[in-house]
Amino acid sequence: MTTTTSPRSTASWQAADAAHFLHPFTDFQALAAKGSRVITRGDNIYIWDSEGHKLLDAISGLWCVNVGYGQRALIDAATRQMETLPFYNSFFQTTTMPAVELAELLSSVSPPGFKHVFFSGSGSEGNDTVLRMVRRYWDLLGQPQRKVIISRKNAYHGSTVAGASLGGMSYMHAQGDLPIPDIVHIEQPFAFQLGQGMSRADFGLLAASWLEDKINELGADRVAAFIGEPIQGAGGVIIPPETYWPEVQRICDKHGVLLVSDEVICGFGRTGSWFGCETMGFKPDLMTFAKGVTSGYIPLGGVMVGARIAKVLIEQGGEFEHGYTYSGHPVACAVGLANVKLIQQLGLVDHVRDDVGPYLAQKYAELADHPLVGEASSCGLMAALQLVKNKTTSMPFASELEVGMLCRSHCFGNGLVMRAVGDRMIIAPPLVITRAQVDELAGLIKRCLDLTLADVHTRGWLN
Ligand code: PXG
């Protein structure tokens, strides 16, 4: 079955793609040699490629298609808004109804104290806004020397100059003289890598103490904010111990440091709460969002601004010299509105917390027994499997063997999209997934692990 009505062959699409389209985070030459997979349509939790292959999309597009593909309410909202008013700006004392309505609705689903939103076009732009807002806040309070933002190694906060600087990906920093000044990184709360032999609770406290060490080293009067993803997504679904975030909160409060939760992946139900900070038990001052706010149907991002910062910006701030053409884009906001309402109508946050999240955890506990799996962990509908050479000692494979990529190619070959971050296999399926589909997903994962195990065995990599 082919699913495209186009007369062009897959090879012709691939050739044109290679000739003209520079893909993000891609080795252009390597992709041109191999040819892109052409994705043609999606429905529910599945996508199809130009050769008619059906794939279970366990990464929700790119952590964003929370309500699944093909939702009529979002399509109709975009169409209606495009017909009525496809664009108007919100710069010169004008506004549009979808932007107002979405701002109102986001305030109502956010934790208490978040009554204001600043819209951007993406998560990266949202984090640029965070940087501008945090520094503006301290300027207004007469503490302009409070500039440093502390983040974590292996964090992902986007790919603009500020986003990549806030992020902790060394390979990104290596291209373009990043980070920019006054952004520093501490170690991540990755228990499997850094906390072997300790209880998770103790490791969580230890990892949080690295923040306090850094604040003390810099001097608290220089530290503007700490930023983190409640659960690191792109870094490999790293779920911190329960003790971590409350301790980070205590440290930030003690030193007057602002706390920023990057909710671009964790927001909008992914962890079984509206926002990941609620699942992880902390109360940030700012929350960056994107992706799940429109389920990726159209670009939209922004920052939820908590009372502490909103009060200063509004009452003492005068003009905030910052904004984007598409801040509050009416079509994007109309889709966001339809999406958030749909999440409410379908009860997806409860569905993740009470039903499919725990069910997935049960399946992952079974996968933990697989000989290749050193750690299986999940929170809501984010989950990771750490592939290891030796289950007993947790010894990793040599990274140049690229066992994760091997597993990923078995996934593609068997109708499953699963991400590999090194040898960590990660998923974040659409929130509409059912128990029966979780069974299907777990079955596919098991099969791909078995195929990978057979490969590493044949190649003698287990010795
Ligand atoms: N913050 C977080 C936590 C993210 O995950 C961004 C900010 C940036 O959002 P935009 O919309 O500017 O891309 C992200 C994006 C991956 C991957 O490989 C993850 C993201 C983007 C691209 C790839 O897992 N997350």
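The values are calculated or read from the model by the stated rules, or taken from the named source; none is laboratory data. Keep in mind that this is a model prediction, so the values were computed, not measured. Every residue, glycine among them, receives a Cβ derived from its backbone with ideal geometry; neighbour counts consider all protein chains shown. These area figures cover heavy atoms from the full protein model, side chains too; ligands, DNA and RNA do not enter into them. Shrake-Rupley method; radii C 1.70, N 1.55, O 1.52, S 1.80 Å.
Things to note:
- Residues located in segment 26-46, provided they are in a strand (DSSP E or B) and surrounded by fewer than 17 Cβ atoms within 10 Å (Cβ to Cβ): ILE39, ARG41, ASP43
- Residue in segment 442-457 that is open to solvent by 20 Å² or more (accessible area, probe 1.4 Å) and part of a loop (DSSP other than H, G, I, E, B) present: no
- Subset of segment 385-413 [loosely packed, with under 15 Cβ neighbours inside 10 Å and of a type in the set (A, V, I, L, M, F, W, C)]: MET395, ALA398, MET405
- Of the residues making up segment 372-402, those that are in contact (Cβ under 8 Å) with a residue 60 or more places away in the chain and assigned to a helix (DSSP H, G or I) number 1.
- Of all residues in segment 231-246, exactly one satisfies the criterion of being within 14 Å of GLU278 (Cα to Cα), within 16 Å of the ligand (Cβ to nearest atom) and either among the acidic types (Asp, Glu) or under 9 Å from the mean Cα position of the chain (by Cα) (or both), namely ILE231.
- Residues in segment 81-111 that are crowded, with 20+ Cβ neighbours inside 10 Å and farther than 27 Å from VAL260 by Cα: GLN81, THR96.
- So VAL293, is it among the aliphatic types (A, V, I, L, M), within 24 Å of ALA383 (Cβ to Cβ) and in contact with a Leu (Cβ under 8 Å, 6 or more places away or on another chain): yes
- Residue selected from segment 416-436 under the condition in contact (Cβ under 8 Å) with a residue 40 or more places away in the chain and farther than 22 Å from ALA234 by Cα, by the criterion most open to solvent (accessible area, probe 1.4 Å): ARG435
- Among (1) among the aliphatic types (A, V, I, L, M); (2) touching a Leu at 6+ places or on another chain (Cβ under 8 Å); (3) surrounded by 18 or more Cβ atoms within 10 Å (Cβ to Cβ) - the single one ALA78 does not satisfy: (2)
- When residues in segment 112-125 are screened for being open to solvent by 60 Å² or more (accessible area, probe 1.4 Å) and touching a His at 6+ places or on another chain (Cβ under 9 Å), 0 of them pass.
- Residue satisfying condition, being more than 26 Å from GLU278 (Cβ to Cβ) and touching a residue at least 24 places away in the same chain (Cβ under 8 Å), within set ASP355, ASP369, ASP439: ASP439
- One residue alone among GLY318, GLY336, GLY328 is small (Gly, Ala, Ser), within 18 Å of THR129 (Cβ to Cβ) and within 15 Å of the ligand (Cβ to nearest atom), and that residue is GLY336.
This table checks each residue for (1) of a type in the set (A, V, I, L, M); (2) crowded, with 18+ Cβ neighbours inside 10 Å; (3) within 22 Å of the chain's Cα centre (by Cα).
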position: VAL340; (1), (2), (3): yes, yes, yes
position: ILE343; (1), (2), (3): yes, yes, yes
position: GLY347; (1), (2), (3): no, no, yes
position: GLY357; (1), (2), (3): no, yes, yes
position: ALA365; (1), (2), (3): yes, no, no
position: ASP369; (1), (2), (3): no, no, no
position: LEU372; (1), (2), (3): yes, yes, no
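- When segment 137-164 is filtered for residues that are under 20 Å from VAL421 (Cα atoms) and either free of Cβ contacts under 8 Å to residues at least 24 places away in the same chain or among the hydrophobic types (A, V, I, L, M, F, W, C) (or both), the ones remaining, listed by number, are ALA155, ALA164.
- Residues that are farther than 27 Å from ALA332 by Cβ, open to solvent by less than 70 Å² (accessible area, probe 1.4 Å) and small (Gly, Ala, Ser) do occur in segment 47-66.
- Pairs, first open to solvent by 10 Å² or more (accessible area, probe 1.4 Å) in segment 265-293, second hydroxyl-bearing (Ser, Thr, Tyr) and part of a loop (DSSP other than H, G, I, E, B), C-beta under 6 Å, six or more apart: THR279/THR271; THR279/SER273
- Each residue in segment 169-184 was checked for being closer than 15 Å to VAL260 by Cα and touching a Lys or Arg at 6+ places or on another chain (Cβ under 8 Å), and 1 pass.
- Once segment 152-193 is narrowed to residues that are within 23 Å of SER122 (Cβ to Cβ) and of a type in the set (Phe, Trp, Tyr), the residue that is farthest from the chain's Cα centre (by Cα) is TYR171.
- Extreme residue, nearest to LEU381 (Cα to Cα), among residues of segment 395-448 that are among the small types (Gly, Ala, Ser) and within 16 Å of the ligand (Cβ to nearest atom): ALA428
- Contact annotation: residue pairs with Cβ atoms under 7 Å, 6 or more positions apart or on different chains, pairing a residue in segment 232-249 that is of a type outside the set (D, E, K, R) with a partner that is assigned to a helix (DSSP H, G or I) and within 16 Å of the ligand (Cβ to nearest atom), are GLY233/TRP63; TRP245/MET280.
- VAL312 fulfils the conditions (1) closer than 22 Å to VAL148 by Cβ; (2) open to solvent by 30 Å² or more (accessible area, probe 1.4 Å); (3) in contact (Cβ under 8 Å) with a residue 24 or more places away in the chain except for a single criterion, (2).
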